[in-house]
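Novice: Before we start, here is the structure in question, set down as structure tokens.
None of the figures in this text is laboratory data; all of them are computed from the coordinates on show. If you're wondering where the values come from, they're calculated on a predicted model, not measured in any experiment. When we count neighbours, we look across all protein chains shown, and the Cβ atoms used for this are built from the backbone with ideal geometry, even at glycine.
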Amino acid sequence: MVALFLFTGRDKGIHAAIIRPWYQSFTAAWVAGHIPYGRNQIEAQIKAGMEQGVEEYLLWNTKGIYPVEK
């Protein structure tokens, strides 16, 4: 609800907090039934955020490893 209010307010010229979410960028192999994370899963999170008006984000990797794909 708060996020929805902030985005709605921004559309009306109200200065509101900027939401900058952390997106998962690793496979949580220690969790039963985990989802292998790769480029497609990361891009899906970014796309979903952009569809909701999120313009900035951070990637989170538990090992601090952020591979660059060419």
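Novice: So if R0 is 25 Å, what FRET efficiency would Q41 and H15 give, r being the distance between their Cβ atoms, rounded to the nearest 0.05?
Specialist: Calculated value: 0.15.
Novice: Please give the length that would be gained between Y66 and A29 if that part of the chain were fully extended, namely 0.36 nm times their separation in residues minus their C-alpha to C-alpha distance (nm, one decimal).
Specialist: Once the chain is fully extended between Y66 and A29, it gains 11.6 nm.
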